[in-house]
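As structure tokens, the structure follows; a few thoughts come after it.
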Amino acid sequence: MTFEKRILCIGAGYVGGPTMAMIASQCPRCRVTVVDINPERIAAWNSDNLPIYEPGLDELVRATRGKNLFFSTEIERGIRENDIIFVSVNTPTKSFGLGAGMAADLQYWEKTARQILEFSESSKIVIEKSTLPVKTALAMERILNCRENGICFDVLSNPEFLAEGTAVRDLKHPDRILIGSRETEDGLKARQTLVDIYASWVPKERILTSNIWSSELSKLVSNAFLAQRISSINAISALCEKAEADVAEVSRAVGMDSRIGPKFLNASIGFGGSCFRKDILNLVYLCRNYGLDAVADYWESVVKINDYQQERFIRNMLGAMFNTLAGKKICLWGFAFKANTGDTRESPAIFIARRLLEEQAEIVVSDPKALKNARTDLKGVEGQIRYIEDPLQAAEGCHAIALLTEWDLYRNLDFPKIFDSMAKPAFIFDGRNILDHRRCFDIGFNVYPVGKPPLTHF
Ligand code: NAD
Ligand code: UGA
């Protein structure tokens, strides 16, 4: 079969893998190859045990792999043989030197740009899929267009907005696709090529085009706005606990204003995930670089409230359990940073587990998909840690349950049985407000939700 377009994606991670699987499934006339420097990851993409868990992803990959979707470690060959190259490598927070702890670490990104330059034998469209600081495309262009051999590169920005746990649905039915380009003749032509790919399944009115800097910046700003809503409601949850208000009632009332809207107003133990924190800090760093300290302070406070909310959860546990956790057994229901994923990057559960161990509590970690990652995250941390997948078994003999991930399976467990198996008085700290608090209280638990008055038997 001859293919109309040959697409490469460098970086087979949470974004590269699912995004390319969707393009392959929606564009059968495109040949899509995903490459990575990590051979184990590629082997997993080629096996029945994919490296990431996402509802619907197995089916999507099974339907396309070996037909028009390929996973490989042959990066040089991939660059040589393809005309459209997505770059979806990781862009973590820099951990050294200037900007450490704030700025984006662009070493993987730059290495990729240099590889593209070295191995290209024809002109190509290079697409920033990774989340990057505004003006990164300029650096990319400068690296790529430094030889005079007639090979040209058009750089586009096409940030990804999928959320983990709903990646397949988000990719199939995106709110919008954003494509930024230079507004030159070549830039606009390259932009149209990418528009045509997405137009195979995304309605035209949802495909936005913009100048390249607006596109890069919109991604950082979208994540900052989403995280800001969570920090806003979490800040209010602290006030609700003092004022005997119920944060769920407040967020319902506020969210019914059509100008505000109901989404992303669930109070919690704080946001996690690989991107919110890093992208806001990146935005803060950019603002400071441009001398916009007041703007930087504003966005930095979103991260500060998130840290405060996690520490507040621990302090509430300590206060409720008579100011000592030493020697007490605490079961953590959930370790993933949100439901329907095994991903634990920046999960609040990591901070909470470490803090509980610091207080000399013994912890039992339970999660349906994230136990492998949890073991890695807590490797070398001092203290008593056990890992038990079954939530009932995990809670046995414990003094308290801390619910940290909103997995559906925790909603309808046999709570009388769980209560009977626990040390008394038994506590539940619902960090996601998903349980039936009144029912748990009636069974005998002392129940501490987030941002609501506790229900206690004392
Ligand atoms: P990830 O760590 O899961 O995957 C990145 C992959 O790139 C890794 O497998 C790594 O081995 C590979 N890689 C690094 N350098 C390479 C090189 N030189 N050549 C080939 N492969 C290389 O990261 P991710 O979660 O997929 O995120 C990728 C980018 O997308 C980040 O910028 C992130 O901010 C952004 N993003 C992530 C999400 C998400 O939900 N995870 C959503 C939207 C945007
Ligand atoms: C987020 C964005 O939603 C995506 O649009 C974006 O593409 C992605 O980041 C990224 O750039 O990586 P993700 O982190 O996968 O996606 O998941 P979210 O659903 O946004 O949840 C993030 C965190 O916020 C989770 O820990 C979640 O539990 C928490 N959250 C979410 C709340 O505490 N309250 C809410 O109301 C919503």
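The values are calculated or read from the model by the stated rules, or taken from the named source; none is laboratory data. Just so we're clear, the structure is a prediction, and the values are computed from it rather than from any experiment. In this analysis, Cβ positions are derived from the backbone assuming ideal geometry, glycine residues included, and neighbour counts consider all displayed protein chains. Each accessible area value is taken on the protein alone, full model and side chains, heavy atoms only, with ligands, DNA and RNA left out. Shrake-Rupley method; radii C 1.70, N 1.55, O 1.52, S 1.80 Å.
Points to keep in mind about this one:
- Screening the candidates Ser200, Ser210, Ser222, Ser231 for the property of being under 23 Å from the mean Cα position of the chain (by Cα) and surrounded by fewer than 21 Cβ atoms within 10 Å (Cβ to Cβ) yields one hit, Ser222.
- Of all residues making up the stretch 440-458, the number that are of a type in the set (S, T, N, Q), surrounded by 16 or more Cβ atoms within 10 Å (Cβ to Cβ) and in a loop (DSSP other than H, G, I, E, B): 0
- Scope the stretch 424-439; condition assigned to a loop (DSSP other than H, G, I, E, B) and either basic (Lys, Arg) or under 18 Å from Glu406 (Cα atoms) (or both); matching residues: Lys424, Gly431, Arg432, Asn433, Ile434, Leu435, Asp436
- For the residues Ala190, Ala248, the requirement of being within 16 Å of ligand 2 (Cβ to nearest atom) and touching a residue at least 12 places away in the same chain (Cβ under 8 Å) singles out Ala248.
- In the stretch 302-412, counting only helices (runs of 4 or more DSSP H) that sit wholly within it, the ones holding 3 or more residues that are touching a helix residue (DSSP H, G or I) at 6+ places or on another chain (Cβ under 9 Å), at pLDDT 95 or above and of a type outside the set (Phe, Trp, Tyr) span 348-358, 391-395.
- Among residues of the stretch 261-297 being of a type in the set (Gly, Ala, Ser) and not in a helix (DSSP H, G or I), the one that is nearest to ligand 1 (Cβ to nearest atom) is Ser274.
- Just one residue in the set Ile305, Ile280, Ile314 is touching a residue at least 40 places away in the same chain (Cβ under 8 Å) and touching a Phe, Trp or Tyr at 6+ places or on another chain (Cβ under 7 Å); that residue is Ile280.
- Arg77 being in a strand (DSSP E or B) and charged (D, E, K, R): no
- Listed by position, the helices (runs of 4 or more DSSP H) enclosed by the stretch 1-72 that each have at least 2 residues that are polar (S, T, N, Q) are 16-26.
- Residue in the stretch 437-448 that is aromatic (Phe, Trp, Tyr), in contact (Cβ under 8 Å) with a residue 60 or more places away in the chain and in contact with a Ser or Thr (Cβ under 9 Å, 6 or more places away or on another chain) present: yes
- The lone exception for Val364 - which of (1) surrounded by fewer than 18 Cβ atoms within 10 Å (Cβ to Cβ); (2) under 19 Å from Leu404 (Cβ atoms) it fails: (1)
- Check on Gly11, in contact with a strand residue (DSSP E or B) (Cβ under 9 Å, 6 or more places away or on another chain), within 16 Å of ligand 1 (Cβ to nearest atom) and on the phi > 0 side of the Ramachandran plot: yes
- Filter result for the condition that a residue is within 16 Å of ligand 2 (Cβ to nearest atom), closer than 30 Å to Val221 by Cα and touching a Cys at 6+ places or on another chain (Cβ under 9 Å), over Arg312, Arg345: Arg345
- Options Ile401, Ile388, Ile418; residue that is without any contact (Cβ under 8 Å) to a residue 60 or more places away in the chain, open to solvent by less than 10 Å² (accessible area, probe 1.4 Å) and among the aliphatic types (A, V, I, L, M): Ile418
- Members of the stretch 143-162 that are over 18 Å from the mean Cα position of the chain (by Cα) and part of a loop (DSSP other than H, G, I, E, B): Asn145, Cys146, Arg147, Glu148, Asn149, Gly150, Ile151, Cys152
- Taken together, Glu148, Glu76 contain a single residue that is more than 9 Å from ligand 1 (Cβ to nearest atom), farther than 21 Å from Leu217 by Cα, open to solvent by 20 Å² or more (accessible area, probe 1.4 Å) and in contact with a Phe, Trp or Tyr (Cβ under 6 Å, 6 or more places away or on another chain), which is Glu76.
- Entry remark, the stretch 106-129: residues being assigned to a loop (DSSP other than H, G, I, E, B), of a type in the set (D, E, K, R) and more than 16 Å from ligand 2 (Cβ to nearest atom) number 1 in total.
- Test for Gly165: is it out of contact with any strand residue (DSSP E or B) (no Cβ under 6 Å at 6 or more places or on another chain), not in a helix (DSSP H, G or I) and not β-branched (Val, Ile, Thr): yes
- For the stretch 1-46, a residue qualifies if it is open to solvent by less than 60 Å² (accessible area, probe 1.4 Å), free of Cβ contacts under 8 Å to residues at least 40 places away in the same chain and in contact with an Asp or Glu (Cβ under 7 Å, 6 or more places away or on another chain), and exactly one does: Ile42.
- Residues considered: Asp186, Asp246. Of these, the only one that is out of contact with any helix residue (DSSP H, G or I) (no Cβ under 9 Å at 6 or more places or on another chain) and among the acidic types (Asp, Glu) is Asp186.
- Residue within the stretch 24-44 that is within 16 Å of ligand 2 (Cβ to nearest atom), at pLDDT 95 or above, under 24 Å from the mean Cα position of the chain (by Cα) and within 21 Å of Val202 (Cβ to Cβ) present: no
- Pick from the stretch 173-197, criterion within 16 Å of ligand 1 (Cβ to nearest atom) and surrounded by 15 or more Cβ atoms within 10 Å (Cβ to Cβ), ranking: nearest to Lys338 (Cα to Cα): Pro174
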